[in-house]
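Take a look at the structure set out below.
Since every read-out is calculated from the coordinates, none of them should be taken as a lab result. Source: prediction; values computed, not measured. Quick reminder, even Gly has a Cβ in these numbers, built from the backbone with ideal geometry, and neighbours come from all protein chains shown.
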Amino acid sequence: KAGVTQTPRYLIKTRGQQVTLSCSPISGHRSVSWYQQTPGQGLQFLFEYFSETQRNKGNFPGRFSGRQFSNSRSEMNVSTLELGDSALYLCASSLDLAGAYNEQFFGPGTRLTVL
Amino acid sequence: QKEVEQNSGPLSVPEGAIASLNCTYSDRGSQSFFWYRQYSGKSPELIMFIYSNGDKEDGRFTAQLNKASQYVSLLIRDSQPSDSATYLCAVYGRDDKIIFGKGTRLHILP
């Protein structure tokens, strides 16, 4: 069974631009969560989508948004990029809502560099 | 502000010894606790999860939870060089939001 895939793997953008990242979950998984990982802040939860609906959201500004399609694939968008958005963006999928009792499987991540 | 605290390390342990990784959390209503391993340049992978007070064993790994002290630990027995990685503690709160610690770097000395 194929794992979680993320595209692109690497991305370089300049301040003020916007970016869209894509995540394909493991076949059969209905929940997709997004995380930002930086050396300073560690791994931080962005949001979770389940059945095309955002079910939970972390403490990030509105510049960060996402959506989920009917095939469970998900995209994350960051508008008006700032230098501090440089990070590894990880997507994780789980069979059901990624609550307390569901294992999440992480994708390889997208490394975003903002210049 | 809900927090999950871990010693950043590095924690150096001789091969074959027991590695002990610790994590404290601030939200007393937290429901479940996870340990992830992350190799350099790779994504996190789940090693253990624990919901109830006490110990949970899986092979060389043992997770220990003490909700009264708001403390969770991971013991790795017979440490191997391949165990060298960053270990992330993650906690689910009552609001179903997951909070990760910043991780402890573990280095197993051959």
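Which loop GluC sites (Glu not before Pro) in the range B:1-54, with loop taken from DSSP, have no more than 14 other Cβ atoms within 10 angstrom of their Cβ? Display every interim value, and only then the final one.
Details: sites: B:Glu3, B:Glu5, B:Glu15, B:Glu45; in loops: B:Glu3, B:Glu15.
Passing both the DSSP loop test and the Cβ count: B:Glu3, B:Glu15.
Placing +1 at every Lys and Arg Cβ and -1 at every Asp and Glu Cβ, with all other atoms neutral, what dipole size does the range B:1-64 have around its Cα centre, in debye to the nearest 20?
100 debye
Of A:Ser74, B:Thr62, B:Ala17, which is farthest along the charge dipole of the protein assembly as shown in the positive direction, counting Lys and Arg as +1 and Asp and Glu as -1 at C-beta?
It is A:Ser74, whose Cα lies furthest towards the positive end.
Could you compute the net charge surrounding A:Cys23? Neighbours are other residues with a C-beta less than 15 Å from the C-beta of A:Cys23; K and R count +1, D and E count -1. Walk me through the intermediate numbers first.
On the way: positive: A:Arg9, A:Arg30, A:Arg67, A:Arg73, A:Arg111; negative: A:Glu48, A:Glu52, A:Glu75.
Residues near A:Cys23 contribute +2 overall.
Checking the table A:Lys13/B:Lys97; A:Lys57/B:Lys102; A:Lys57/B:Lys56; A:Lys13/B:Lys42 against a 26 Å threshold on Cα-Cα, which pairs fail? Don't jump to the answer; show the numbers that get you there.
On the way: A:Lys13/B:Lys97 30 Å; A:Lys57/B:Lys102 20 Å; A:Lys57/B:Lys56 30 Å; A:Lys13/B:Lys42 22 Å.
Too far apart for the 26 Å limit: A:Lys13/B:Lys97; A:Lys57/B:Lys56.
Averaged over every viewing direction, what's the projected area of the C-alpha convex hull for chain A? Give it in nm², one decimal, please.
On the way: hull surface 26.5 nm².
For the Cα atoms of chain A, the hull's average projected area reads 6.6 nm².
Given points 7 Å out from each Cα along the Cα-Cβ axis, report the B:Leu46 to B:Glu3 separation in nanometres with one decimal.
2.8 nm
Around A:Glu103, under 12 Å between beta carbons, what's the net of Lys plus Arg minus Asp minus Glu among the other residues? Could the numbers behind the result be given before it?
Numbers: positive: none; negative: A:Asp96, B:Glu45.
Taking every Cβ under 12 Å from that of A:Glu103, the sum is -2.
Pop a pseudo-label 7 angstrom from the Cα along the beta-carbon direction at both A:Arg30 and A:Asp96 and give the gap in nm to one decimal.
Reported label-point gap for A:Arg30 and A:Asp96 is 0.9 nm.
So which GluC sites (Glu not before Pro) in the range A:61-108 pass both tests, a DSSP loop state and at most 15 other Cβ atoms within 10 Å of the Cβ?
Details: sites: A:Glu75, A:Glu82, A:Glu103; in loops: A:Glu82, A:Glu103.
Those that pass, being in a loop and sparsely packed, are A:Glu82, A:Glu103.
Given R₀ = 30 Å, what would the calculated FRET efficiency be for A:Gln54 paired with B:Ser26, taking r from the Cβ atoms and rounding to 0.05? Please list the in-between numbers first.
Numbers: r = 26 Å, r/R0 = 0.86.
About 0.70, to the nearest 0.05.
Which value in Å does the Kirkwood hydrodynamic radius of the protein assembly as shown take, with 1/r averaged over all unlike C-alpha pairs and then inverted?
Numbers: mean 1/r = 0.0554 Å⁻¹.
Evaluated over the protein assembly as shown, this radius sits at 18.0 Å.
Using a cut-off of under 17 Å, list every residue of the range B:25-65 whose amide N is near the label point 7 Å from the Cα of B:Asp96 along the Cα-to-beta-carbon line.
B:30-33
How many Cβ atoms of partner chains, on average, are near each residue of B:87-97 if near means within 10 Å of its Cβ? Show your work: numbers first, answer last.
Values: counts 0, 3, 0, 3, 1, 5, 1, 1, 1, 7, 7.
Across the residues of B:87-97, the mean count of other-chain Cβ atoms within 10 Å is 3.
Can you give me the distance in nm between label points at B:Glu57 and B:Glu15, each placed 7 Å from the Cα along the Cα-to-Cβ direction?
It works out to 2.5 nm between the two label points.
Considering only C-alpha atoms, what is the centroid distance from the range A:1-71 to the range B:60-81, in Å?
For the range A:1-71 versus the range B:60-81, the Cα centre distance is 30 Å.
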